[in-house]
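What follows is one structure encoded as C-alpha cells, with my remarks underneath.
The values are calculated or read from the model by the stated rules, or taken from the named source; none is laboratory data. Quick caveat, the model's predicted, so the values are computed rather than measured. Positions of Cβ are backbone-derived with ideal geometry, glycine not excepted, and every protein chain shown enters the neighbour counts. Quick note on the areas: whole protein, heavy atoms, side chains included, nothing else; ligands and nucleic acids left out. Shrake-Rupley method; radii C 1.70, N 1.55, O 1.52, S 1.80 Å.
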Amino acid sequence: MVGPRVMGIVNVTPDSFSDGGRLSSVEAAVAHGLRLVDQGADLLDVGGESTRPGAEPVSEAEEIARVVPVIARLRAAWNGQISIDTMKPPVARAAVAAGATMWNDVTALTFSPDAPAVAAQLGCDVVLMHMKGEPRTMQADPLYDDVVAEVRDWLLDRAEAAMTAGVARERIRLDPGIGFGKTAAHNLALTARLDALTATGFPVLYGASRKRTIQSVDPTATDPGDRLGGSLALALEAARRGAEIVRVHDVRETVQALAVQAALARR
Ligand code: PMM
C-alpha cells in the first residue's frame, strides 16, 4: 500500500486552538515548518486565520502580512509543496506569488464570487473542503439526513464549479471537513466511510488532527495536546480508506504510524 502524503500544519495565528501564541512570530512559524520537514512532512499548510469554531475573522491585509513572509522564507529554504490555508482570493494570490503551489480553501471557493476564476488563473492545486455554515456558527446544530452522501455530492458540485471556471481536474482535491458544521457522530461516519469520497476519483485530503471529535470518544482529552492517540487512529483509518494527504500537527508520530501500517500491509 502506498501511504498518504503527510501535510504539516503551520499556523501563523495568535489564537489557533492548539498552538496558542507560540507561532505568532514569523521566525517561530518558519522554524516550526522546517522542523516538520525534518520530521518527514511532504507538504506544509500555512494558515493566517483560525477557522476553529467561534473564531473571529481576520482582515485581508492582516492575513497577508502574517503568511507571505513565512511562505517566502520556507520557499527559500525548502523545495517541497507549500499550501496556503485561506478563503480569500487576494491572500491566495499573494501566497502563490510568494511560493505556494496549493490553495487550501475551507469554503471550497464559495467565499467570494471570483474565487473559482482566481483559482483557475493561479493554476495551482486546489483543496475543496466541505463546511456547513460558517466558522462562527457552524457547530450550533448541524443536521444531515445522510452526512456521507450529502458531503460527497456537495463537494462534487463544487468540483464541477471549479472546473467550469477553468480549474484543471487533476488540480482538485476533496476534503470532508472534519469538525466543520458536524457533530462527532458525523465526523466518525465520514472517517469510517471515507472510501465513499475516494471513490469519486478525486484525491482526498483528510484532517482530524487534535480535533474535538477525539474528546467525544475520550472525554478526558479536553486539551488538544492530549489527543495524539486519537489523531493517529483517525489518520491511519483515513490512510486505509485511500486518503492522498493527511493534514496533521504531529508529523513525526504520524509518519511513523503510517510507515508501520505500510510495513504490515506488505507482509
Ligand atoms: N482544519 C482546520 C483548518 N484548515 N483545512 C482543510 N483542508 N481541512 C481541515 O480539516 C482543516 C483545514 C482547523 O484545524 P487547525 O486549527 O488545527 O489548523
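Quick check for me: using +1 on Lys/Arg Cβ and -1 on Asp/Glu Cβ, what's the dipole size of the range 91-168 about its Cα centre, in debye to the nearest 20? Display every interim value, and only then the final one.
Details: 5 positive and 11 negative charges, 75 e Å.
That gives a dipole near 360 debye.
Quick one: what are the phi-derived ³J(HN,Hα) couplings along the range 211-216, Karplus 6.51/-1.76/1.60 with θ = phi - 60°, whole Hz, x for glycine and proline?
So the Karplus estimates, Gly and Pro as x, are 7, 5, 3, 5, 5, 5 Hz.
What lysines could a cross-link reach from Lys211, if we take a straight Cα to Cα line under 16 Å and drop same-chain neighbours fewer than 8 places away?
In chain and number order, the partners are Lys182.
Please report the Cα spread of the range 94-210 along all three principal axes, rounded to whole Å, starting with the longest.
39, 31, 26
Please name whichever of Val58, Thr191, Ala265 sits farthest to the positive end of the charge dipole of the chain, dipole taken about the Cα centre and charges placed at Cβ: Lys and Arg +1, Asp and Glu -1.
Ala265
Give me the Kirkwood hydrodynamic radius of the chain in Å, from all C-alpha pairs, to one decimal place?
Evaluated on the chain, it is 18.3 Å.
Using a 1.4 Å probe on the protein chains only, how many percent of the accessible area of the range 87-190 belongs to carbon and sulfur?
Numbers: 2160 of 4090 Å².
In the range 87-190, the share of accessible area belonging to carbon and sulfur is 53 percent.
Under a straight-distance cross-link criterion of Cα-Cα below 22 Å, which lysines are reachable from Lys88, leaving out those fewer than 8 residues away in the same chain?
Hits, sequence-local ones excluded: Lys132.
Report, in debye and to the nearest 20, how large the dipole of the chain comes out about its Cα centre when Lys and Arg carry +1 and Asp and Glu carry -1 on their Cβ.
Magnitude of the dipole: close to 680 debye.
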